[in-house]
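One structure below.
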Amino acid sequence: APAFSEIAANLSEYIRDCNIVGQNVEFDTDFLYASGVDLPETRYFDTCQLARYVDKDLPNYKLETLLNSYGIVRETAHRSLSDAYATGLLFEKLVQEKRTN
């Protein structure tokens, strides 16, 4: 497999006009920036920040707590595809809840 630095430019181009959704997304984007990914046009949506705005009664805003609170079942924790899919479902629910409030 190529080193990440070898694919950083291609990844930058691939996701340049995309929106990024994540849990504590700044944590992940810091790694991308440090590895040479450039995302000047990209918009970020952080489920942790959105949940703090939408649901102020949770004990914490960890991904597992949010998924349980919104009834989202994650097949396998801490696996990229499962975490990404569950975070996407969480984002949809948070946006729906924000729209109704």
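How much of the accessible area of the chain, in percent, comes from carbon and sulfur atoms when a 1.4 Å probe is used? Could you put the intermediate results ahead of the total?
Working: 3670 of 7120 Å².
Taking all protein chains in place, the chain shows 52 percent carbon and sulfur surface.
As an exercise, find the ratio Rg/Rh for the chain from alpha-carbon atoms, using the Kirkwood inverse-distance average for Rh. Please list the in-between numbers first.
On the way: Rg = 15.0 Å, Rh = 14.8 Å.
My calculation puts Rg/Rh at 1.02.
To the nearest 20 debye, what is the magnitude of the charge dipole of the chain about its Cα centre, counting +1 on the Cβ of each Lys and Arg and -1 on the Cβ of each Asp and Glu? Each step should come with its number before you reach the end.
Details: 10 positive and 16 negative charges, 84 e Å.
Roughly 400 debye, rounded to the nearest 20.
Count the net charge of all other residues whose Cβ sits under 11 Å from the Cβ of Leu94, scoring Lys and Arg as +1 and Asp and Glu as -1. Before the final figure, lay out the partial values.
Numbers: positive: Arg52, Lys93, Lys98, Arg99; negative: Asp46, Asp55, Glu92, Glu97.
After counting each charged neighbour, the total is 0.
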On Cα atoms only, tilt of 80-100 relative to the major axis of the chain in degrees:
50 degrees
Assign unit charges at the C-beta atoms only (+1 for Lys and Arg, -1 for Asp and Glu), then state the dipole size of the stretch 3-47 relative to its Cα centre in Debye, rounded to the nearest 20.
60 debye
Please give the per residue accessible area of the chain, computed with a probe of 1.4 Å over protein heavy atoms only, in Å².
71 Å²
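The values are calculated or read from the model by the stated rules, or taken from the named source; none is laboratory data. Keep in mind that what you see is a predicted model, and the values were worked out from it rather than measured. Please note: Cβ atoms are built from the backbone with ideal geometry, for glycine as well, and neighbour counts cover all protein chains shown. Note: accessible area is taken over every heavy atom of the protein model, side chains too, but ligands, DNA and RNA are not part of it. Shrake-Rupley method; radii C 1.70, N 1.55, O 1.52, S 1.80 Å.
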